[in-house]
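**Student:** What follows is a structure written as structure tokens; I'll ask about it next.
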Amino acid sequence: MKALLQRVNNASVTVDGVVVGAIKSGTLALVGVEPDDNVARAERLAQRMLSYRMFPDDQGRMNCSLADVGGGLLLVSQFTLVADTRKGNRPGFSTAAPPAVAQPLFEHLVQCCRHGLPMVETGRFGADMQVALVNDGPVTFWLSA
């Protein structure tokens, strides 16, 4: 399971012209699920996302986590994150978990995050989503579990 974390001033997800998830200051996490992922990896990724220190302290150093600053978390499932891009000019998706495997693991990840943070929003699994964000910094990190 992989996540691309972006520290944001705000972010939202729109499906069919309707905003389905939005946060103010916090983290946008684009999440990719791989075929060998499991519940333990989802739980580990949730723990890492909530405790990863990517927000500034009083001295401007990245010493605060999302939980420390009370920011929002917007989780968006994105199978293209785990695409095989090693050869050619077209990605391969055999490295992404099929929806029947990915969706329950993504939903478990969401529930784990909701246990540790009051403001957790999501996109819509499997939908054509438009994601808008204002990246703060820019600060972007790649996490694996």
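**Student:** Return the long-range amide H neighbours of Val139 (sequence gap of 5 or more, or a different chain), with a cut-off of under 5 Å between placed amide H atoms.
**Tutor:** It is Arg7, by chain and number.
**Student:** Would you mind computing Rg(Cα) / (2.2 N^0.38 Å) for region 35-77, counting N as its residues? Could the numbers behind the result be given before it?
**Tutor:** Working: Rg = 12.8 Å, N = 43, 2.2 N^0.38 = 9.2 Å.
In units of the globular-protein estimate, region 35-77 measures up at 1.39.
**Student:** Take the alpha-carbon positions of region 74-141, form their convex hull, and give its projected area averaged over all directions (one quarter of the hull surface) in nm². List each step's numbers first, then the result.
**Tutor:** Numbers: hull surface 25.0 nm².
So the mean shadow area of the Cα hull is 6.3 nm².
**Student:** Restricting to region 2-144, what percent of DSSP beta bridges are antiparallel, rounded to 5? Kindly include the intermediate steps, with their values, before the conclusion.
**Tutor:** Working: 27 of 36 bridges.
That works out to approximately 75 percent antiparallel.
**Student:** Tell me the relative contact order for region 1-74 as a rounded percent, counting alpha carbon contacts under 8 Å between residues six or more apart. Can you show the working numbers first?
**Tutor:** On the way: 120 pairs, mean separation 24.4, N = 74.
With pairs under 8 Å counted, the relative contact order is 33 percent.
**Student:** Averaging sequence separations of C-alpha pairs under 8 Å and six or more residues apart, then dividing by the length of region 1-126, give the relative contact order as a whole percent. Don't jump to the answer; show the numbers that get you there.
**Tutor:** Working: 255 pairs, mean separation 38.7, N = 126.
Once normalised by length, the contact order is 31 percent.
**Student:** Taking +1 at the Cβ of each Lys and Arg and -1 at the Cβ of each Asp and Glu, which of Thr140, Val76, Gly126 sits farthest along the dipole of the chain towards its positive end, judged by Cα position relative to the Cα centre?
**Tutor:** Most positive-ward Cα: Thr140.
**Student:** Rounded to a whole number, what is D in µm²/s for region 2-144 from Stokes-Einstein with the Kirkwood radius over alpha-carbon pairs (4 °C, 1.567 mPa s)? Intermediate results must be reported in sequence, preceding the final value.
**Tutor:** On the way: Rh = 15.4 Å.
Translational D for this selection: 84 µm²/s.
**Student:** May I pose another question? Enumerate the amide H contacts of Gly21 below 5 Å, restricted to partners 5 or more residues apart or on another chain; note that Pro and chain-start residues carry no placed amide H.
**Tutor:** Val13
**Student:** Between the helical axis of 39-51 and the dominant principal axis of the chain, each derived from Cα atoms, what acute angle in degrees is found, rounded to the nearest 10?
**Tutor:** 30
Computed from the coordinates by the stated procedures, all read-outs in this text should not be read as laboratory data. Nothing here was measured: the structure is a model prediction, and the numbers come from that model. Methodologically, a virtual Cβ is constructed for each residue, glycine included, from the backbone with ideal geometry; neighbour enumeration extends over all protein chains shown.
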